[in-house]
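J.: Structure in structure tokens, see below.
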Amino acid sequence: MAKDRALYIGPRLRRLRRELGLTQAAMAGDLEISPSYIALLERNQRPLTADLLLRLANAYQIDLNTFAGDSSDETSSRMKAVLSDPLFTDLDLAPMEAEEAASGFPAVTEAFLRLYTAYQEGQLAIADQGGERMATIDPVAEAQRFLEARRNSFPNIDGEAEKLIAAMDGFENLPAYFADRHNLHIRRLPVDVMVGAMRRLDRHRNEIVLDETLDRASENFQLALQLVYLELGTVIDGYLQESSFVTENGKRLTRRALANYSAAALLMPYRPFLKSAEMHFYDVEALARQFGTSFEQTAHRLTTLQNPGREGVPFFFIRVDPAGNVSKRLDSAGFPFARHGGSCPLWSVHEAFQSPRRIITQWVELPDGEKFFSIARTVTAGGGSYGAPRVERAIALGCAEKHTKRLIYSKDLDLDRLTPTPIGVTCRLCHRTKCTARSAVPIGRDVLREDYRRTVAPFGFSDG
């Protein structure tokens, strides 16, 4: 081979390094060049000269023919396989284009392959039934997509709820309104008589029956919810008709979510609640006391203040159990929640279980540099009597960086001097290679072999 001959074989060099379990810095040290030069070689921005090829062969005892051939590498093969997807049939892609992309733009190719993998994992689950391929839809995800598309804001419901509150002359007059308007009376019964129900409409006795162990906030919410089903069904159905649902369960879950939204709108009418939220700098506890609602109900309502022309701080909301299972996600702040799996273990929503009922603030930064401010606290469901089962969960409420100074929780914090906690969306979508809290391999990354080096993080990854 001539001394001045140059080869552009970045993807094959990167594959070799990964197979050897080496970082770019480690390989650079072995070859007596800089790590940045290794990075340029792997991106095909510098050629691999004959001299450097000989160094590779001597350092790692490899055959020079490993790099001399012109056969397609693994990345090119993966690209060809992906581009054969029916999704791309109308693009008329030639096989040579996949090879050129993999060889000329390896980083862009790798990004494309990761996105395609994520896309596949987010698609419908396919199951063979009786020889036919049947699509199964997650009804919970279907309902979440409906809410996210509208930023969890439904102005028509808020308007109708305010009219209803005015008609009854305040929520405190709800029992009289039930009696006058619907000939219904409220009755409370022991938990064993309710047989697992919190609320039941008994048409035979003209009663709304409630579990007597409910606290005041939960009782008010159940009464508001019953009124919603009696009087606000038309406005809810109007929103449901705007979308076509693949599953009946998805539609029912969406209807339930809209009913819960409506009940919150009765307890915390939009305009008075927004005015008070601004006046109290979004102090969740102060708002809960004023409106007679729970911490969770109030935090949930704060995510809905996005009516056009009367917007509050756009918040996101998440609720998790001690095992890390996510039972609710709401977003009007643009927070990139993962569709599947849990949340980042470094997020304070998980730490909240160690300090029950105490509000924990946290300044966080995502891998793309976007910053958010969040508060987290535990909440309890159930209980109400000795021996009654309780469920402890934690919720987090947060907003984007630009809105942080509007919150009372940031009043004594100098965010310009405070280093944000680096978190990810979920381990499989986070590419922070040095995270010691990682529990899964991120999509599209190769795990390093440990023949030469063991990282402090649970998994070692190639850095290219």
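Yes/no per residue for (1) within 27 Å of the chain's Cα centre (by Cα); (2) surrounded by 14 or more Cβ atoms within 10 Å (Cβ to Cβ); (3) within 18 Å of Phe171 (Cα to Cα):
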residue	(1), (2), (3)
Arg216	no, no, yes
Leu223	no, yes, yes
Leu274	yes, yes, yes
Glu296	yes, yes, no
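J.: Taking the stated definitions as given, is Arg310 basic (Lys, Arg), within 24 Å of Glu162 (Cβ to Cβ), modelled with pLDDT under 95 and more than 21 Å from the chain's Cα centre (by Cα)?
T.: Considered against the rule, which asks whether it is basic (Lys, Arg), within 24 Å of Glu162 (Cβ to Cβ), modelled with pLDDT under 95 and more than 21 Å from the chain's Cα centre (by Cα), Arg310 comes out as yes.
J.: Do you know which residues across the stretch 407-464 are closer than 30 Å to Asp283 by Cβ, in a helix (DSSP H, G or I) and within 24 Å of the chain's Cα centre (by Cα)?
T.: Answer for the stretch 407-464, where residues must be closer than 30 Å to Asp283 by Cβ, in a helix (DSSP H, G or I) and within 24 Å of the chain's Cα centre (by Cα): Tyr409, Ser410.
J.: Here's a follow-up. Quick one: which of Arg271, Arg252 is charged (D, E, K, R), within 30 Å of Leu407 (Cα to Cα) and assigned by TED's automatic domain parsing to the domain that holds Asn206?
T.: None of the other options fit; the residue is Arg271.
J.: Let me ask another. Mind listing whichever residues of the stretch 276-294 are touching a residue at least 40 places away in the same chain (Cβ under 8 Å) and more than 29 Å from the chain's Cα centre (by Cα)?
T.: Gly292
J.: What residue, among those in the stretch 419-464 that are crowded, with 19+ Cβ neighbours inside 10 Å and polar (S, T, N, Q), is modelled with the highest pLDDT?
T.: Filtering the stretch 419-464 for residues that are crowded, with 19+ Cβ neighbours inside 10 Å and polar (S, T, N, Q), the one modelled with the highest pLDDT comes out as Thr426.
J.: Filter the stretch 35-64 for residues that are among the polar types (S, T, N, Q), under 23 Å from Glu99 (Cα atoms) and under 36 Å from the mean Cα position of the chain (by Cα) and give the result.
T.: Asn44
J.: Another question, then. If you go through the stretch 311-320 one residue at a time, do you hit one that is in the same structural domain as Cys427 (by TED's automatic domain parsing), touching a strand residue (DSSP E or B) at 6+ places or on another chain (Cβ under 6 Å) and over 29 Å from Pro272 (Cα atoms)?
T.: For the stretch 311-320, residues in the same structural domain as Cys427 (by TED's automatic domain parsing), touching a strand residue (DSSP E or B) at 6+ places or on another chain (Cβ under 6 Å) and over 29 Å from Pro272 (Cα atoms): present.
J.: Right, something else. Being among the aromatic types (Phe, Trp, Tyr) and under 22 Å from Pro389 (Cβ atoms) is the filter here; which residues of the stretch 179-237 pass it?
T.: Phe221, the sole residue that qualifies.
J.: Now for a different question. Within the stretch 324-356, work out how many residues are among the polar types (S, T, N, Q), touching a Lys or Arg at 6+ places or on another chain (Cβ under 6 Å) and either in a loop (DSSP other than H, G, I, E, B) or closer than 26 Å to Asn307 by Cβ (or both).
T.: Of the residues in that region, 1 qualify.
J.: Of Ser218, Ser243, which residue is in contact (Cβ under 8 Å) with a residue 24 or more places away in the chain and not in a loop (DSSP other than H, G, I, E, B)?
T.: Ser218
J.: Still on this structure: Those residues that are surrounded by 14 or more Cβ atoms within 10 Å (Cβ to Cβ) and assigned to a loop (DSSP other than H, G, I, E, B), I need them from the stretch 169-188; list them, please.
T.: Leu184
J.: Looking at the stretch 344-356 only, could you name the residues that are under 25 Å from Lys405 (Cα atoms) and in contact with a helix residue (DSSP H, G or I) (Cβ under 9 Å, 6 or more places away or on another chain)?
T.: The answer is Cys344, and nothing else.
J.: So for the stretch 318-333 (the condition being at pLDDT 95 or above, among the polar types (S, T, N, Q) and surrounded by 15 or more Cβ atoms within 10 Å (Cβ to Cβ)), does at least one residue qualify?
T.: no
J.: Is it true that some residue in the stretch 93-101 is more than 15 Å from Arg12 (Cβ to Cβ) and at pLDDT below 75?
T.: yes
The values are calculated or read from the model by the stated rules, or taken from the named source; none is laboratory data. Here the structure is a predicted model, which means the values were calculated and not measured. Cβ sites come from the backbone with ideal geometry, for glycine too, and all protein chains shown count toward neighbours.
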